[in-house]
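Read the structure below first, then the notes.
The values are calculated or read from the model by the stated rules, or taken from the named source; none is laboratory data. In this text the structure is predicted, and so the values were computed from the model without any measurement. Positions of Cβ are backbone-derived with ideal geometry, glycine not excepted, and every protein chain shown enters the neighbour counts. Note: areas computed on protein heavy atoms with side chains; ligands, DNA, RNA excluded. Shrake-Rupley method; radii C 1.70, N 1.55, O 1.52, S 1.80 Å.
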Amino acid sequence: MDIYQVAIRPLLFNLVKADPEWLHSTTIRSLKWLSQTSNNPPASWIHHRLQQSFCLEDARLEQTLFGLNFPNPLGLAAGFDKDGVAARIWSSLGFGFAELGTVTYHPQPGNPRPRLFRLPLDKAALNRMGFNNNGAAAIAKLLAESQQNLISIPIGVNLGKSKVTPLEEAACDYLNSFRLLKNCGDYFVVNVSSPNTPGLRSLQDAAMLSSILDLLQKENTAQKPLFVKIAPDLEWSAIADIISLAQTYQLAGIIATNTTIRRDRLKTQVIDQTGKSVTEEAGGISGAPLGDRSTEIIRFIAAQTQGKMPIIGVGGIFSPEDAWEKITAGASLIQVYTGWIYEGPFMVRRILQGLLSKLEQNGLNSISEAVGLQVKSKK
(Lines give C-alpha, C1' and ligand atoms only; values in the text may rest on other atoms or scores of the structure.)
Protein backbone atom coordinates (compact mmCIF):
# COMPACT_ATOMS: atom_id res chain seq x y z
CA MET A 1 0.00 0.00 0.00
CA ASP A 2 1.31 3.49 -0.85
CA ILE A 3 0.29 6.99 0.20
CA TYR A 4 -2.17 7.27 -2.70
CA GLN A 5 -4.13 4.19 -1.62
CA VAL A 6 -3.90 4.91 2.13
CA ALA A 7 -4.61 8.65 2.17
CA ILE A 8 -5.22 10.37 -1.16
CA ARG A 9 -7.77 8.04 -2.76
CA PRO A 10 -9.97 7.73 0.36
CA LEU A 11 -9.90 11.52 0.70
CA LEU A 12 -10.95 12.13 -2.90
CA PHE A 13 -13.39 9.23 -3.28
CA ASN A 14 -15.05 9.21 0.14
CA LEU A 15 -14.46 12.34 2.21
CA VAL A 16 -14.72 15.18 -0.31
CA LYS A 17 -16.50 12.91 -2.84
CA ALA A 18 -14.84 14.71 -5.72
CA ASP A 19 -16.73 14.50 -9.01
CA PRO A 20 -14.81 12.00 -11.19
CA GLU A 21 -14.83 14.22 -14.27
CA TRP A 22 -13.73 17.31 -12.32
CA LEU A 23 -10.93 15.27 -10.78
CA HIS A 24 -9.90 13.96 -14.20
CA SER A 25 -9.90 17.47 -15.70
CA THR A 26 -7.85 18.82 -12.80
CA THR A 27 -5.31 16.02 -13.19
CA ILE A 28 -5.04 16.58 -16.95
CA ARG A 29 -4.50 20.34 -16.44
CA SER A 30 -1.60 19.62 -14.07
CA LEU A 31 -0.08 17.07 -16.44
CA LYS A 32 -0.54 19.48 -19.35
CA TRP A 33 1.45 22.14 -17.49
CA LEU A 34 4.22 19.62 -16.76
CA SER A 35 4.22 18.45 -20.36
CA GLN A 36 4.40 21.94 -21.85
CA THR A 37 7.06 23.24 -19.45
CA SER A 38 9.14 20.08 -19.22
CA ASN A 39 12.41 21.80 -20.19
CA ASN A 40 12.13 24.60 -17.62
CA PRO A 41 12.59 24.57 -13.85
CA PRO A 42 10.74 23.66 -11.67
CA ALA A 43 8.99 21.36 -14.16
CA SER A 44 12.26 19.70 -15.22
CA TRP A 45 13.00 18.92 -11.55
CA ILE A 46 9.50 17.46 -11.12
CA HIS A 47 10.03 15.34 -14.26
CA HIS A 48 13.24 13.99 -12.78
CA ARG A 49 11.54 13.16 -9.49
CA LEU A 50 8.65 11.44 -11.30
CA GLN A 51 11.09 9.31 -13.28
CA GLN A 52 12.92 8.30 -10.11
CA SER A 53 9.66 7.33 -8.40
CA PHE A 54 7.66 5.69 -11.19
CA CYS A 55 10.00 4.45 -13.92
CA LEU A 56 11.62 1.03 -14.07
CA GLU A 57 14.08 0.23 -16.84
CA ASP A 58 15.05 -3.36 -17.52
CA ALA A 59 16.09 -4.92 -20.83
CA ARG A 60 13.91 -7.97 -20.09
CA LEU A 61 10.80 -5.79 -20.42
CA GLU A 62 11.74 -4.33 -23.81
CA GLN A 63 10.15 -5.44 -27.10
CA THR A 64 10.25 -4.42 -30.74
CA LEU A 65 6.81 -4.88 -32.27
CA PHE A 66 5.45 -3.79 -35.66
CA GLY A 67 8.56 -1.67 -36.14
CA LEU A 68 8.32 0.20 -32.81
CA ASN A 69 10.51 -0.07 -29.71
CA PHE A 70 8.63 -0.44 -26.42
CA PRO A 71 10.70 0.03 -23.25
CA ASN A 72 8.07 -1.98 -21.34
CA PRO A 73 4.70 -3.59 -22.17
CA LEU A 74 2.47 -1.39 -19.98
CA GLY A 75 0.71 1.50 -21.69
CA LEU A 76 -1.90 4.13 -20.95
CA ALA A 77 -5.23 3.29 -22.60
CA ALA A 78 -7.18 5.73 -24.75
CA GLY A 79 -9.68 7.95 -22.97
CA PHE A 80 -7.46 9.56 -20.37
CA ASP A 81 -5.53 12.03 -22.54
CA LYS A 82 -8.23 12.68 -25.13
CA ASP A 83 -6.59 15.74 -26.68
CA GLY A 84 -2.95 14.70 -26.38
CA VAL A 85 -2.14 17.61 -24.06
CA ALA A 86 0.12 15.52 -21.80
CA ALA A 87 1.86 13.45 -24.48
CA ARG A 88 5.34 14.32 -23.20
CA ILE A 89 4.69 13.33 -19.59
CA TRP A 90 3.53 9.70 -19.85
CA SER A 91 7.05 8.27 -20.14
CA SER A 92 8.00 10.03 -16.88
CA LEU A 93 5.13 8.20 -15.14
CA GLY A 94 6.66 4.89 -16.17
CA PHE A 95 4.49 3.95 -19.13
CA GLY A 96 6.05 2.08 -22.05
CA PHE A 97 3.64 3.70 -24.51
CA ALA A 98 0.52 5.88 -24.48
CA GLU A 99 -2.62 5.97 -26.60
CA LEU A 100 -4.25 9.36 -27.10
CA GLY A 101 -7.85 10.14 -28.00
CA THR A 102 -10.42 9.08 -28.90
CA VAL A 103 -10.12 11.72 -31.65
CA THR A 104 -12.93 12.58 -34.07
CA TYR A 105 -12.72 14.59 -37.28
CA HIS A 106 -15.21 17.18 -36.01
CA PRO A 107 -14.66 18.75 -32.57
CA GLN A 108 -17.44 17.70 -30.23
CA PRO A 109 -18.46 18.34 -26.61
CA GLY A 110 -19.56 14.78 -25.87
CA ASN A 111 -22.65 13.73 -23.97
CA PRO A 112 -24.40 15.79 -21.26
CA ARG A 113 -22.99 15.68 -17.73
CA PRO A 114 -22.85 13.82 -15.41
CA ARG A 115 -21.25 11.19 -17.65
CA LEU A 116 -18.52 9.57 -15.56
CA PHE A 117 -19.19 7.55 -12.41
CA ARG A 118 -17.11 5.51 -9.98
CA LEU A 119 -18.36 2.09 -8.85
CA PRO A 120 -16.04 1.37 -5.88
CA LEU A 121 -17.83 -1.83 -4.85
CA ASP A 122 -16.87 -3.26 -8.22
CA LYS A 123 -13.50 -1.51 -8.67
CA ALA A 124 -15.05 -0.16 -11.84
CA ALA A 125 -16.17 2.97 -13.64
CA LEU A 126 -19.19 3.75 -15.79
CA ASN A 127 -18.64 6.29 -18.54
CA ARG A 128 -20.71 7.74 -21.33
CA MET A 129 -18.35 10.55 -22.26
CA GLY A 130 -19.23 10.42 -25.96
CA PHE A 131 -15.82 11.12 -27.55
CA ASN A 132 -15.50 14.69 -26.21
CA ASN A 133 -12.40 16.14 -27.90
CA ASN A 134 -11.06 19.18 -29.75
CA GLY A 135 -11.10 17.52 -33.16
CA ALA A 136 -8.42 16.02 -35.39
CA ALA A 137 -7.03 19.30 -36.76
CA ALA A 138 -6.42 20.81 -33.30
CA ILE A 139 -4.86 17.62 -31.96
CA ALA A 140 -2.64 17.23 -35.04
CA LYS A 141 -1.31 20.75 -34.52
CA LEU A 142 -0.61 20.11 -30.83
CA LEU A 143 1.14 16.79 -31.48
CA ALA A 144 3.30 18.30 -34.22
CA GLU A 145 4.51 20.88 -31.68
CA SER A 146 5.01 18.20 -28.98
CA GLN A 147 7.17 16.08 -31.24
CA GLN A 148 9.66 18.90 -31.63
CA ASN A 149 10.52 18.05 -28.02
CA LEU A 150 11.25 14.36 -28.36
CA ILE A 151 8.69 11.94 -26.94
CA SER A 152 10.61 8.88 -25.83
CA ILE A 153 7.85 6.25 -26.03
CA PRO A 154 5.53 5.14 -28.86
CA ILE A 155 2.38 7.26 -29.13
CA GLY A 156 -0.83 5.78 -30.49
CA VAL A 157 -3.83 7.75 -31.74
CA ASN A 158 -7.31 6.31 -31.27
CA LEU A 159 -9.75 7.35 -34.02
CA GLY A 160 -13.54 7.48 -33.63
CA LYS A 161 -16.52 8.53 -35.72
CA SER A 162 -17.89 12.05 -35.29
CA LYS A 163 -21.39 11.98 -33.83
CA VAL A 164 -22.74 14.30 -36.56
CA THR A 165 -21.50 12.01 -39.34
CA PRO A 166 -24.10 9.50 -40.61
CA LEU A 167 -23.11 5.85 -40.28
CA GLU A 168 -23.05 5.40 -44.06
CA GLU A 169 -20.36 8.12 -44.25
CA ALA A 170 -18.30 6.72 -41.36
CA ALA A 171 -15.42 5.47 -43.54
CA CYS A 172 -14.79 8.96 -44.95
CA ASP A 173 -14.97 10.44 -41.44
CA TYR A 174 -12.23 8.09 -40.19
CA LEU A 175 -10.22 8.79 -43.34
CA ASN A 176 -10.41 12.57 -42.84
CA SER A 177 -9.08 12.23 -39.28
CA PHE A 178 -6.31 9.87 -40.39
CA ARG A 179 -5.19 12.25 -43.14
CA LEU A 180 -4.70 15.01 -40.58
CA LEU A 181 -3.02 12.83 -37.97
CA LYS A 182 -1.07 10.18 -39.91
CA ASN A 183 2.27 11.92 -39.38
CA CYS A 184 1.62 12.59 -35.69
CA GLY A 185 1.21 9.09 -34.27
CA ASP A 186 3.37 5.97 -34.17
CA TYR A 187 0.35 3.69 -34.49
CA PHE A 188 -3.39 4.18 -35.06
CA VAL A 189 -6.53 2.54 -33.72
CA VAL A 190 -9.92 2.28 -35.41
CA ASN A 191 -12.37 2.53 -32.53
CA VAL A 192 -15.67 0.97 -33.60
CA SER A 193 -16.56 -0.38 -30.17
CA SER A 194 -17.48 2.48 -27.83
CA PRO A 195 -21.09 2.15 -26.65
CA ASN A 196 -21.43 5.92 -26.28
CA THR A 197 -21.81 7.08 -29.91
CA PRO A 198 -25.17 6.00 -31.38
CA GLY A 199 -24.76 3.13 -33.83
CA LEU A 200 -20.97 3.00 -33.58
CA ARG A 201 -20.80 -0.66 -32.59
CA SER A 202 -22.65 -1.59 -35.80
CA LEU A 203 -19.42 -0.62 -37.60
CA GLN A 204 -17.90 -3.85 -36.22
CA ASP A 205 -20.02 -5.63 -38.82
CA ALA A 206 -17.68 -7.16 -41.41
CA ALA A 207 -19.00 -5.16 -44.39
CA MET A 208 -18.96 -1.80 -42.55
CA LEU A 209 -15.54 -2.38 -41.00
CA SER A 210 -14.14 -3.54 -44.33
CA SER A 211 -15.06 -0.22 -45.99
CA ILE A 212 -13.27 1.72 -43.23
CA LEU A 213 -10.12 -0.40 -43.30
CA ASP A 214 -9.97 -0.34 -47.08
CA LEU A 215 -9.92 3.47 -47.24
CA LEU A 216 -7.45 3.83 -44.38
CA GLN A 217 -4.95 1.34 -45.75
CA LYS A 218 -5.06 2.98 -49.20
CA GLU A 219 -4.18 6.27 -47.51
CA ASN A 220 -1.60 4.62 -45.26
CA THR A 221 1.34 4.95 -47.66
CA ALA A 222 3.81 5.23 -44.76
CA GLN A 223 2.51 1.87 -43.51
CA LYS A 224 1.81 3.07 -39.98
CA PRO A 225 0.69 0.17 -37.74
CA LEU A 226 -3.11 0.06 -37.73
CA PHE A 227 -5.24 -1.67 -35.08
CA VAL A 228 -8.95 -2.22 -34.57
CA LYS A 229 -10.40 -2.02 -31.05
CA ILE A 230 -13.26 -4.40 -30.38
CA ALA A 231 -16.06 -4.70 -27.83
CA PRO A 232 -16.12 -7.45 -25.19
CA ASP A 233 -19.80 -8.10 -25.92
CA LEU A 234 -19.29 -9.59 -29.40
CA GLU A 235 -20.14 -13.21 -30.20
CA TRP A 236 -17.23 -15.50 -31.06
CA SER A 237 -18.31 -15.63 -34.71
CA ALA A 238 -18.17 -11.83 -34.97
CA ILE A 239 -14.69 -11.78 -33.41
CA ALA A 240 -13.59 -14.44 -35.88
CA ASP A 241 -14.87 -12.24 -38.73
CA ILE A 242 -12.84 -9.29 -37.41
CA ILE A 243 -9.73 -11.46 -37.12
CA SER A 244 -10.21 -12.44 -40.77
CA LEU A 245 -10.57 -8.79 -41.80
CA ALA A 246 -7.49 -7.84 -39.77
CA GLN A 247 -5.51 -10.43 -41.69
CA THR A 248 -6.98 -9.42 -45.07
CA TYR A 249 -6.13 -5.76 -44.57
CA GLN A 250 -2.76 -6.54 -42.96
CA LEU A 251 -3.53 -4.76 -39.71
CA ALA A 252 -0.80 -4.66 -37.08
CA GLY A 253 -3.17 -6.27 -34.59
CA ILE A 254 -6.29 -6.07 -32.42
CA ILE A 255 -6.99 -4.24 -29.16
CA ALA A 256 -9.11 -6.33 -26.79
CA THR A 257 -11.24 -4.82 -25.38
CA ASN A 258 -13.32 -1.69 -25.00
CA THR A 259 -15.89 -1.22 -22.21
CA THR A 260 -18.84 -3.56 -21.69
CA ILE A 261 -22.56 -2.79 -21.63
CA ARG A 262 -23.25 -5.79 -19.39
CA ARG A 263 -24.55 -5.05 -15.90
CA ASP A 264 -25.46 -8.52 -14.63
CA ARG A 265 -22.33 -9.16 -12.55
CA LEU A 266 -22.15 -5.80 -10.77
CA LYS A 267 -22.42 -5.46 -7.00
CA THR A 268 -23.37 -1.79 -7.42
CA GLN A 269 -27.14 -1.42 -7.70
CA VAL A 270 -27.62 2.35 -7.50
CA ILE A 271 -25.45 5.21 -8.84
CA ASP A 272 -25.00 7.61 -5.91
CA GLN A 273 -24.71 10.78 -8.02
CA THR A 274 -28.03 10.23 -9.78
CA GLY A 275 -29.97 7.95 -7.45
CA LYS A 276 -30.85 5.74 -10.42
CA SER A 277 -30.37 2.02 -10.83
CA VAL A 278 -27.13 1.07 -12.58
CA THR A 279 -29.22 -0.70 -15.22
CA GLU A 280 -30.97 2.60 -16.07
CA GLU A 281 -27.71 4.49 -16.61
CA ALA A 282 -26.32 4.39 -20.16
CA GLY A 283 -22.61 3.90 -20.77
CA GLY A 284 -19.81 1.37 -20.73
CA ILE A 285 -18.33 -0.38 -17.70
CA SER A 286 -14.54 -0.52 -17.32
CA GLY A 287 -12.33 -1.94 -14.61
CA ALA A 288 -12.40 -5.23 -12.71
CA PRO A 289 -15.73 -6.59 -14.10
CA LEU A 290 -14.14 -6.57 -17.56
CA GLY A 291 -11.04 -8.53 -16.61
CA ASP A 292 -12.08 -12.12 -17.27
CA ARG A 293 -13.96 -11.45 -20.49
CA SER A 294 -11.17 -9.41 -22.07
CA THR A 295 -8.69 -12.17 -21.20
CA GLU A 296 -10.98 -14.80 -22.77
CA ILE A 297 -11.05 -12.79 -25.98
CA ILE A 298 -7.27 -12.33 -25.96
CA ARG A 299 -6.89 -16.09 -25.56
CA PHE A 300 -9.34 -16.70 -28.43
CA ILE A 301 -7.55 -14.32 -30.82
CA ALA A 302 -4.16 -15.80 -29.94
CA ALA A 303 -5.43 -19.34 -30.57
CA GLN A 304 -7.16 -18.40 -33.84
CA THR A 305 -4.02 -16.72 -35.20
CA GLN A 306 -1.48 -19.20 -33.76
CA GLY A 307 -0.03 -16.32 -31.78
CA LYS A 308 1.03 -14.50 -34.93
CA MET A 309 -1.19 -11.42 -34.55
CA PRO A 310 -0.10 -8.82 -31.97
CA ILE A 311 -2.76 -8.16 -29.34
CA ILE A 312 -2.97 -5.19 -26.98
CA GLY A 313 -4.85 -6.38 -23.91
CA VAL A 314 -6.91 -3.95 -21.85
CA GLY A 315 -9.60 -4.35 -19.21
CA GLY A 316 -9.46 -5.03 -15.49
CA ILE A 317 -5.71 -4.78 -14.89
CA PHE A 318 -4.97 -3.80 -11.28
CA SER A 319 -2.08 -6.03 -10.25
CA PRO A 320 1.00 -7.85 -11.60
CA GLU A 321 -1.08 -11.04 -11.60
CA ASP A 322 -3.73 -9.40 -13.81
CA ALA A 323 -1.04 -8.18 -16.19
CA TRP A 324 0.70 -11.57 -16.30
CA GLU A 325 -2.60 -13.34 -17.05
CA LYS A 326 -3.25 -11.15 -20.09
CA ILE A 327 0.30 -11.45 -21.39
CA THR A 328 0.39 -15.23 -21.01
CA ALA A 329 -3.05 -15.41 -22.66
CA GLY A 330 -1.51 -13.80 -25.74
CA ALA A 331 -1.22 -10.03 -25.28
CA SER A 332 2.14 -8.59 -26.37
CA LEU A 333 1.23 -5.27 -24.78
CA ILE A 334 -1.26 -4.24 -22.09
CA GLN A 335 -3.01 -1.00 -21.19
CA VAL A 336 -4.52 0.48 -18.04
CA TYR A 337 -6.88 3.32 -17.21
CA THR A 338 -9.46 2.50 -14.52
CA GLY A 339 -6.96 0.41 -12.55
CA TRP A 340 -4.53 3.32 -12.58
CA ILE A 341 -7.23 5.59 -11.13
CA TYR A 342 -7.94 3.15 -8.30
CA GLU A 343 -4.37 2.03 -7.60
CA GLY A 344 -2.55 5.33 -8.16
CA PRO A 345 0.62 6.32 -10.01
CA PHE A 346 2.87 3.82 -8.20
CA MET A 347 0.88 1.04 -9.88
CA VAL A 348 3.00 1.14 -13.04
CA ARG A 349 6.29 0.44 -11.29
CA ARG A 350 4.60 -2.15 -9.04
CA ILE A 351 3.27 -4.07 -12.06
CA LEU A 352 6.60 -3.93 -13.89
CA GLN A 353 8.43 -5.21 -10.81
CA GLY A 354 5.84 -7.98 -10.54
CA LEU A 355 6.32 -8.96 -14.18
CA LEU A 356 10.09 -9.25 -13.67
CA SER A 357 9.45 -11.53 -10.68
CA LYS A 358 7.11 -13.66 -12.82
CA LEU A 359 9.81 -13.98 -15.49
CA GLU A 360 12.31 -15.17 -12.88
CA GLN A 361 9.83 -17.64 -11.37
CA ASN A 362 9.17 -19.14 -14.80
CA GLY A 363 12.80 -19.22 -15.92
CA LEU A 364 12.19 -16.74 -18.75
CA ASN A 365 14.67 -14.17 -20.03
CA SER A 366 12.29 -11.64 -21.60
CA ILE A 367 8.67 -10.57 -21.59
CA SER A 368 8.30 -11.65 -25.22
CA GLU A 369 8.91 -15.25 -24.10
CA ALA A 370 5.88 -15.00 -21.81
CA VAL A 371 3.46 -13.84 -24.53
CA GLY A 372 0.88 -16.55 -25.19
CA LEU A 373 2.42 -19.01 -22.74
CA GLN A 374 -1.08 -20.33 -21.82
CA VAL A 375 -1.89 -21.00 -25.47
CA LYS A 376 1.51 -22.57 -26.20
CA SER A 377 1.28 -24.90 -23.21
CA LYS A 378 -1.99 -26.38 -24.50
CA LYS A 379 -0.52 -27.42 -27.86
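For the reader, a short list of remarks on this structure follows.
- Rounded to whole Hz, the Karplus (6.51, -1.76, 1.60) HN-Hα couplings of the stretch 286-293, x for glycine and proline: 10, x, 3, x, 8, x, 5, 5
- Split the accessible area of the chain by element, probe 1.4 Å, and carbon with sulfur accounts for 52%.
- For the stretch 170-306, the relative contact order is 24 percent, taking Cα pairs closer than 8 Å that sit 6 or more residues apart in sequence and dividing their mean separation by the residue count.
- Positive dipole terminus of the chain, leading residue within Asn72, Gln250, His24 (C-beta point charges): His24
- The C-alpha radius of gyration of the stretch 180-329, expressed as a fraction of 2.2 N^0.38 Å, stands at 1.11.
- Other-chain or far-sequence residues with amide H under 5 Å of Gly79's (modelled H): Gly101, Thr102
- Were the residues from Arg263 through Gln250 laid out at 0.36 nm apart, the gain over their Cα-Cα distance would be 1.2 nm.
- Cβ-Cβ FRET estimate between Glu168 and Thr37, R0 fixed at 51 Å, reported to 0.05: 0.70
- For the stretch 43-82 versus the stretch 238-256, the spacing of their alpha-carbon centroids is 27 Å.
- For Ser44 and Thr64, a Förster radius of 35 Å and the Cβ-Cβ distance give a FRET efficiency of 0.75, rounded to the nearest 0.05.
- Accessible surface for the chain, divided over its residues, is 42 Å² per residue with a 1.4 Å probe.
- GNM top mover of Ser193, Ser44, Ser294 - the chain, alpha-carbon springs below 10 Å: Ser44
- Per-residue 3J(HN,Hα) values for the stretch 332-340, derived from phi via the Karplus relation 6.51 cos²θ - 1.76 cosθ + 1.60 with θ = phi - 60°, read 6, 10, 9, 9, 10, 8, 4, x, 5 Hz in sequence order (x marks Gly and Pro).
- Which listed pairs, of Lys163/Lys224; Lys123/Lys163; Lys224/Lys358; Lys163/Lys276; Lys161/Lys218; Lys308/Lys376, have C-alpha distances above 22 Å, in listed order: Lys163/Lys224; Lys123/Lys163; Lys224/Lys358; Lys163/Lys276
- Amide H partners (placed H, <5 Å) of Leu119, local residues excluded: Ala124, Ala125, Leu126
- Taking label points 7 Å from Cα along the Cα-to-Cβ direction, Asp205 and Ala238 give a separation of 1.1 nm.
- Only Lys, Arg (+1) and Asp, Glu (-1) charged, at Cβ; the stretch 123-226 dipole about Cα centre in debye: 280 debye
- Cα gyration tensor category, rounded, prolate or oblate, for the stretch 95-167 with a/c compared to 1.5: oblate
- Cβ-placed point charges (K, R +1; D, E -1), dipole of the stretch 3-377 about Cα centre in debye, nearest 20: 600 debye
- Most positive-pole-ward Cα, Ser162, Gln204, Leu215, against dipole of the chain from beta carbon charges: Ser162
- Taking only the alpha carbons of the stretch 301-379, we obtain Rg and Dmax values of 12.5, 38 Å in that order.
- When the alpha carbon gyration tensor of the chain is reduced to an equivalent ellipsoid, the three semi-axes, largest first, read 27, 25, 23 Å.
- Karplus-derived HN-Hα couplings along the stretch 54-66 (A = 6.51, B = -1.76, C = 1.60, θ = phi - 60°), whole Hz, x at Gly and Pro: 10, 8, 9, 9, 7, 4, 5, 8, 7, 8, 10, 10, 6
- Label separation (Leu364 vs Thr27): 2.8 nm, computed from points 7 Å beyond Cα along the C-beta direction.
- Taking all Cα pairs closer than 8 Å and separated by 6 or more residues, the relative contact order of the chain comes to 16 percent.
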